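See below for the structure under consideration.
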Amino acid sequence: MEGFKKFEKKNIEKILLDNFIDLMPAFYEMESSFLSGIYKRYGDLEGGNIVIFFAKDLHLEILRKREINLNFSLSLDEFWNNHKNIIQKKKKIITIAKSTGLPRETTRRKILSLIKTKHIKKTEKNTVFWEPDSKSKDSYLKIIGEQINSLSKFIFQQSKFFSLNIPVSKIEKEIKNNYSFYWYHYLNTQLQYIKLWQVRFKDLEMLLIGLQTLIQSITCLKNSNRSKSFDSFLLSKMTKSTATFDVKNAGISATSISEVTGIPRANCIRKLEKYIKMKIIEKDPVTKRYNLIPNQMKSAPSHANPILDGIRNTINIFSEFSSILLKSLNKSR
């Protein structure tokens, strides 16, 4: 039991905060890939978030098969057979809206659109559910494989601080062997994370666009060999006039953001201008590139700056999932 205590959520949270600049680039790259994939598959993040809700519910129903059969396989290899034999329960719109943070009418409208585009299905008894299309099996497995790899890299970076010495391949194997167990918890964590920013921004494109500037800035800081904690990140001055290090690589263009995320360039520019008004991002008048201003996050009033608490809450949310997986990895060594 003593060995398990070091993997408690509060300890992981502290490690992520104390080593923010070293550990969080892998997280933000993971989230950028995850959310960009959702945007490109479903056309918008709000609709994609609803699909995540139904996918999480499907994995929960598969997971419950263990209640009557301890030998029931939750693996990725068996997922295709498992999901075909699951009867998903009817969900109320108010329940979906509450889980996603979307207004009820928006939720209803998005569900109708997802049914029309066949991303989710509706039975004759009006039960709405999600299941991967059998024609898209190879595509689904490829996407999940990429997501598991990104997640495993993030967990691997954390595991080094606990001296676990577990390779990324073994973490991937653990997740794939118990796929529906981990994916239920992972999607539940993603729902909490996305809802957090939905409530703050009322616009999930702001989240995905903001991630791109954050990734660029943290990577630049990581390469500068400066202090690695979250507090030191907030003290970083990355504006051209007050930089504490070379910022020529810290910025990112609206075109690059559009290419990575799939969001139209005009939308990217419009949302970036909102960040500029919040005094969190600065635009270089010569290069037209955008870069984060971390030290402004700390000084801006909380009502005008939803970012600071949002980052702390993000770490809090994902520390719970990391705790679950790291405990399992430690036990299986």
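The values are calculated or read from the model by the stated rules, or taken from the named source; none is laboratory data. Predicted model, so just to flag it, every value in this text is computed and none were measured. No Cβ is skipped: glycine too gets one built from the backbone with ideal geometry, and neighbour counts run over all protein chains shown.
A few notes on this one:
- Residues satisfying the stated conditions in region 73-117, i.e. in a loop (DSSP other than H, G, I, E, B), at pLDDT 90 or above and charged (D, E, K, R): Lys91, Lys92
- Of all residues in region 18-27, those being surrounded by fewer than 20 Cβ atoms within 10 Å (Cβ to Cβ) and either modelled with pLDDT of 95 or more or touching a Phe, Trp or Tyr at 6+ places or on another chain (Cβ under 8 Å) (or both) number 3.
- Only residues that are part of a loop (DSSP other than H, G, I, E, B) and more than 23 Å from the chain's Cα centre (by Cα) were counted in region 123-165, giving 9.
- Among the residues listed as Ile257, Ile269, Ile263, the single one being in a loop (DSSP other than H, G, I, E, B), modelled with pLDDT of 90 or more and buried (at least 16 other Cβ atoms within 10 Å of the Cβ): Ile263
- Within region 103-155, the set of residues being polar (S, T, N, Q) and exposed (fewer than 13 other Cβ atoms within 10 Å of the Cβ) comprises Thr117, Thr123, Asn126, Ser134, Ser136, Ser139.
- When Thr189 is tested against the conditions (1) outside any helix (DSSP H, G or I); (2) within 23 Å of Lys10 (Cβ to Cβ); (3) polar (S, T, N, Q), the lone failure is (1).
- Leu191 meets the conditions (1) within 13 Å of the chain's Cα centre (by Cα); (2) within 23 Å of Ile21 (Cβ to Cβ); (3) of a type outside the set (S, T, N, Q) in every case but one. The failed one is (2).
- Boolean, Ile276 is assigned to a helix (DSSP H, G or I), closer than 24 Å to Ser229 by Cβ and at pLDDT 80 or above: no
- Residues that are over 29 Å from Ile175 (Cβ atoms), free of Cβ contacts under 8 Å to residues at least 24 places away in the same chain and among the charged types (D, E, K, R) are absent from region 66-88.
- Region 156-211, residues that are crowded, with 17+ Cβ neighbours inside 10 Å and of a type in the set (S, T, N, Q): Gln157, Gln158, Ser159, Asn178, Ser180, Asn188, Thr189, Gln190, Gln192, Gln198
- Looking across region 43-75, just one residue is out of contact with any Leu (no Cβ under 9 Å at 6 or more places or on another chain) and among the basic types (Lys, Arg), and that is Arg64.
- The condition of being among the hydrophobic types (A, V, I, L, M, F, W, C), within 30 Å of Asp22 (Cα to Cα) and in contact (Cβ under 8 Å) with a residue 12 or more places away in the chain holds for only one of Leu102, Leu164, that being Leu164.
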